[in-house]
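Below is one structure, written out as structure tokens, with a few remarks after it.
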Amino acid sequence: MAEVTKRINQMEPWIGEEEKRAMMEYLDSGGWLTEFRKTREFEKLIADYAGSRYASVVNNGTISLVIALMALDIGNGTEVIVPDFTMIASANAVVLVGAKPVLVDIDPSNLCLDLEKAEAAIIPQTKAIMYVSINGRSHDMNKVIALADKYHLHLLEDAAQSLGSRYQGKHLGTFGEIGSFSFSFPKIITTGQGGALATDNEELFRKISLIKDFGRPPSGVDYHEIIGLNSKFTDLQAVIGVEQMKKLDWRAKRKKQIYQLYHDLLQNTQQIRFIDTNLEDCSPWFIDIVVDGEGTREALAKFLDERGIGTRPFYPAIHTQPPYSHISGDFENSENISQKGLWLPSASFLSDQDIERTCVEIKRFFGATK
Ligand SMILES: Cc1ncc(COP(=O)(O)O)c(C=O)c1O
């Protein structure tokens with residue numbers, strides 16, 4: 001076999017010849033290095049791709065959530081509904097702005113926030129719902145919007161895992177007031193680190209722009225309207241981002257093919273399950289399976305690891321992590337999925353043969369002969 005890379009977070013080949021050439025051209029042109037024209041070009045590509053009026057790129061998909069919450073005036077004394085199964089940055093961002101994350105169980109059908117349980121958790125202090133479209137999946141987004149509207153809550157979408165994924169043709173991250181994306185190393189496109197905020201709201205965009213530049217308006221004059229951060233991007237990264245955007249459609253398509261191939265090859269393997277995935281809309285960032293049976297996931301991961309195939313267990317449920325362990329509640333589904341979920345090799349550069357071999361080994365683990 002070529003290589004099924006050792007680790008599940010096997011990265012996209014983010015520095016290809018195109019990125020290297022673009023970087024050399026940029027440096028030869030006496031490039032500005034920090035955020036300038038290339039950054040604007042990258043932002044326009046993201047906004048056009050996602051279908052939002054504005055996009056603002058920042059250092060990463062954690063700080064983009066912090067900035068989004070700040071722009072929505074969410075802080076001390078307020079609560080934000082966050083799913084208990086997500087990457088920890090979703091909850092951390094809420095804590096970092098001084099608000100309280102209210103962890104809510106997930107819906108096992110799509111691994112996103114359970115909307116009924118979310119509704120039950122809303123109290124007068126609740127100011128926003130952070131909807132995380134895990135692995136490019138979502139509910140009927142009209143229901144999510146309806147829930148936020150019913151209680152006059154802000155809807156912030158953590159779409160860090162959803163670039164290239166849509167609901168009924170509309171890009172995830174563009175249903176709420178602000179959508180947040182991540183371009184960290186293993187994402188479908190990467191700038192090494194990076195994040196973006198997408199919005200249609202001019203006033204929010206203005207606030208985001210202020211916050212990411214010390215609270216200073218674009219004039220460059222040292223007058224500071226509000227408290228801000230320094231979360232400006234760099235043109236060096238934007239050069240790579242612009243090249244990566246040219247590869248996004250191909251990668252999204254390839255992710256769908258890879259998912260379908262795994263699904264076809266493993267559909268008769270009773271011991272594992274797939275999450276319902278509409279490949280019309282969703283291009284799964286990671287191939288996720290659910291492995292039933294006490295300790296079976298760990299044994300399978302070890303078996304594959306010994307054969308040079310990297311996997312990664314799902315994120316732990318947030319409430320099991322030390323900073324959140326004081327939070328109790330009904331987390332049946334997030335606990336269950338965290339203990340049984342496994343990410344398989346998923347990078348778009350994997351060949352069909354890599355996937356086939358991985359599936360052969362999975363079947364062998366479960367005692368199948370072919
Ligand atoms: C759902 C989710 N939110 C936030 C983040 C944080 O993004 P970053 O790593 O760019 O800070 C991630 C990263 O994987 C994520 O998956």
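The values are calculated or read from the model by the stated rules, or taken from the named source; none is laboratory data. Keep in mind it's a predicted model, so treat the numbers as computed, not measured. Neighbour counts are summed over all protein chains in view; Cβ atoms, including those assigned to glycine, are modelled from backbone coordinates with ideal geometry. Surface areas here come from the heavy atoms of the whole protein model, side chains and all, with no ligands, DNA or RNA. Shrake-Rupley method; radii C 1.70, N 1.55, O 1.52, S 1.80 Å.
Let me confirm something: among D149, D158, which residue is under 15 Å from I81 (Cβ atoms) and within 11 Å of the ligand (Cβ to nearest atom)?
D158
Could you list all residues from the range 187-217 that are at pLDDT 95 or above, of a type in the set (G, A, S) and closer than 28 Å to W285 by Cα?
Those that are at pLDDT 95 or above, of a type in the set (G, A, S) and closer than 28 Å to W285 by Cα: G194, G195, A196, A198.
Please identify the pairs in which a residue from the range 223-245 that is in contact (Cβ under 8 Å) with a residue 60 or more places away in the chain and small (G, A, S) has its Cβ atom under 7 Å from the Cβ atom of a residue that is surrounded by fewer than 22 Cβ atoms within 10 Å (Cβ to Cβ) and assigned to a loop (DSSP other than H, G, I, E, B), counting only partners at least 6 apart or on another chain.
S231/N59
Given the criteria part of a helix (DSSP H, G or I), open to solvent by 80 Å² or more (accessible area, probe 1.4 Å) and not charged (D, E, K, R), does Q257 qualify?
The answer is yes for Q257.
Of all residues in the range 28-39, count the ones that are in a helix (DSSP H, G or I), surrounded by fewer than 23 Cβ atoms within 10 Å (Cβ to Cβ) and touching a residue at least 60 places away in the same chain (Cβ under 8 Å).
Number of matching residues: 1.
Can you tell me which of (1) of a type outside the set (A, V, I, L, M, F, W, C); (2) out of contact with any strand residue (DSSP E or B) (no Cβ under 6 Å at 6 or more places or on another chain); (3) at pLDDT 95 or above is the one G220 doesn't meet?
Exception for G220: condition (3).
Select, from R166, R206, the only residue that is crowded, with 19+ Cβ neighbours inside 10 Å, under 15 Å from S52 (Cβ atoms), away from the ligand (no atom under 12 Å from the Cβ) and charged (D, E, K, R).
R166
Considering only the range 283-309, how many residues are touching a residue at least 60 places away in the same chain (Cβ under 8 Å) and surrounded by 16 or more Cβ atoms within 10 Å (Cβ to Cβ)?
The qualifying residues number 9.
What are the residues in the range 80-99 that are more than 13 Å from the ligand (Cβ to nearest atom) and either surrounded by fewer than 18 Cβ atoms within 10 Å (Cβ to Cβ) or over 22 Å from L111 (Cα atoms) (or both), if any?
Result: V95, V97, G98, A99.
State all residues of the range 260-289 that are more than 20 Å from I106 (Cβ to Cβ) and either touching a Cys at 6+ places or on another chain (Cβ under 6 Å) or charged (D, E, K, R) (or both); if no residue qualifies, say none.
D264, L265, L266, E280
So in the range 169-181, with the set limited to residues that are open to solvent by 10 Å² or more (accessible area, probe 1.4 Å) and either outside any strand (DSSP E or B) or within 19 Å of L69 (Cβ to Cβ) (or both), which one is nearest to the ligand (Cβ to nearest atom)?
Of everything passing the filter in the range 169-181, G176 is nearest to the ligand (Cβ to nearest atom).
How many of the residues making up the range 229-239 are closer than 13 Å to M24 by Cα, open to solvent by 10 Å² or more (accessible area, probe 1.4 Å) and of a type in the set (A, V, I, L, M)?
1
So which residues in the range 66-88 are in contact with a Pro (Cβ under 8 Å, 6 or more places away or on another chain) and among the acidic types (D, E), if there are any at all?
Passing the criteria: only E79.
Please verify whether the range 314-323 includes one or more residues that are in contact with a helix residue (DSSP H, G or I) (Cβ under 9 Å, 6 or more places away or on another chain) and over 16 Å from T86 (Cα atoms).
No, because not a single residue in the range 314-323 is in contact with a helix residue (DSSP H, G or I) (Cβ under 9 Å, 6 or more places away or on another chain) and over 16 Å from T86 (Cα atoms).
Quick one: what pairs do we get from the range 316-344, first residue among the basic types (K, R), second surrounded by 20 or more Cβ atoms within 10 Å (Cβ to Cβ), C-beta under 6 Å, 6+ apart or different chains?
Matching pairs, first to second residue: K340/V291; K340/R297.
Can you confirm whether S184 is open to solvent by 10 Å² or more (accessible area, probe 1.4 Å) and either modelled with pLDDT under 95 or within 16 Å of the ligand (Cβ to nearest atom) (or both)?
Judged against the criteria, S184 is a match.
Considering only residues that are of a type in the set (A, V, I, L, M) and in contact with a His (Cβ under 8 Å, 6 or more places away or on another chain), which ones fall in the range 311-370?
Matches in the range 311-370: I327 only.
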